[in-house]
Amino acid sequence: NAGVMQNPRHLVRRRGQEARLRCSPMKGHSHVYWYRQLPEEGLKFMVYLQKENIIDESGMPKERFSAEFPKEGPSILRIQQVVRGDSAAYFCASSPVTGELFFGEGSRLTVL
Amino acid sequence: TQLLEQSPQFLSIQEGENLTVYCNSSSVFSSLQWYRQEPGEGPVLLVTVVTGGEVKKLKRLTFQFGDARKDSSLHITAAQPGDTGLYLCAGAGGGTYKYIFGTGTRLKVLA
């Protein structure tokens, strides 16, 4: 049973470009979370999704950031017109109904 | 806004020593989890506590949920170098599964 798969593991973008981060949850998990982590810090909640629905996006910046979890395919976190401050590790977690979070290995975004 | 403060922020101890890490909030949580994260990897769940006053043990690790469900502690007995890592608490409240993470405690155990 494969764990949570995130790709790419590392992504380099120049300022103004777009970053797309993908997350395939564990089999049977219908809940997906995205968190952002800066070096030497904890995880900051961004968004919580169920299939085709955004449940809570209170942690996501209103501009340039969007997330989706389509009926088919992975969840995608999209960052448009990236800036240097977007450089961070982005972690995806999936969960069954019980709420236990299973994390992927993260996608590390570097904005030049 | 729910906030979880962890203390200490950093801890460096010798192998064999005991330690306690604290996770505090002014908010009530329906459940609280502890995770350990190693460099370059995602956090890994250690335990979930849901009942006020609950104590759970995982080998040398003892987890306690406060009676009022606002705080928790993690006690490690006879720490080993393999315990080195970032320890994170995470709480969910209000009948949701939106987990808010604490500020983290970075533990280093020296051989």
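Residues in segment B:1-26 that are within 14 Å of another protein chain (Cβ to nearest Cβ) and small (Gly, Ala, Ser): B:SER7, B:SER25. Part of a loop (DSSP other than H, G, I, E, B) and either within 10 Å of the chain's Cα centre (by Cα) or modelled with pLDDT of 95 or more (or both), is that true of B:ALA68? Criteria not met by B:ALA68.
If you check A:PRO74, A:PRO70, A:PRO8, which single one turns out to be surrounded by 15 or more Cβ atoms within 10 Å (Cβ to Cβ) and either farther than 30 Å from B:PHE10 by Cβ or touching a Gly at 6+ places or on another chain (Cβ under 8 Å) (or both)? Outline the logic, then answer.
Numbers: A:PRO70 fails: surrounded by 15 or more Cβ atoms within 10 Å (Cβ to Cβ); A:PRO8 fails: surrounded by 15 or more Cβ atoms within 10 Å (Cβ to Cβ).
Matching residue, one of A:PRO74, A:PRO70, A:PRO8: A:PRO74.
Does at least one position in segment A:58-81 carry a residue that is within 12 Å of chain B (Cβ to nearest Cβ) and at pLDDT below 95?
Taking segment A:58-81 and keeping what is within 12 Å of chain B (Cβ to nearest Cβ), we get A:58-59.
Now drop any that are not at pLDDT below 95, which leaves A:58-59.
Looking for residues that are within 12 Å of chain B (Cβ to nearest Cβ) and at pLDDT below 95, one finds at least one in segment A:58-81, hence yes.
Applying the criterion of being in contact (Cβ under 8 Å) with a residue 24 or more places away in the chain, in contact with an Asp or Glu (Cβ under 9 Å, 6 or more places away or on another chain) and more than 16 Å from B:PHE10 (Cα to Cα) to the residues of segment B:30-40, the residue that is surrounded by the most Cβ atoms within 10 Å (Cβ to Cβ) is B:LEU32. Looking across segment A:5-31, just one residue is modelled with pLDDT under 95 and among the aliphatic types (A, V, I, L, M), and that is A:MET26. Kindly indicate whether A:GLY42 is farther than 16 Å from B:TYR99 by Cβ and over 13 Å from the mean Cα position of the chain (by Cα). Here the answer is no, as A:GLY42 does not meet what is asked.
Residue-wise test of (1) assigned to a strand (DSSP E or B); (2) within 14 Å of another protein chain (Cβ to nearest Cβ).
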residue: B:VAL47; (1), (2): yes, yes
residue: B:THR62; (1), (2): yes, no
residue: B:LEU74; (1), (2): yes, no
residue: B:ALA79; (1), (2): no, no
residue: B:THR103; (1), (2): no, yes
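For segment A:49-67, the count of residues that are within 28 Å of B:GLN33 (Cβ to Cβ), of a type in the set (Lys, Arg) and surrounded by 15 or more Cβ atoms within 10 Å (Cβ to Cβ) is zero. Give segment A:65-84 a look and list any residue that's under 20 Å from A:PRO39 (Cα atoms), outside any strand (DSSP E or B) and within 16 Å of the chain's Cα centre (by Cα), or say none. Listed by number, the list holds a single entry, A:VAL82.
The values are calculated or read from the model by the stated rules, or taken from the named source; none is laboratory data. Computed from a predicted structure; not experimentally measured. Neighbour counts run over all protein chains shown; Cβ positions are idealised from the backbone, glycine included.
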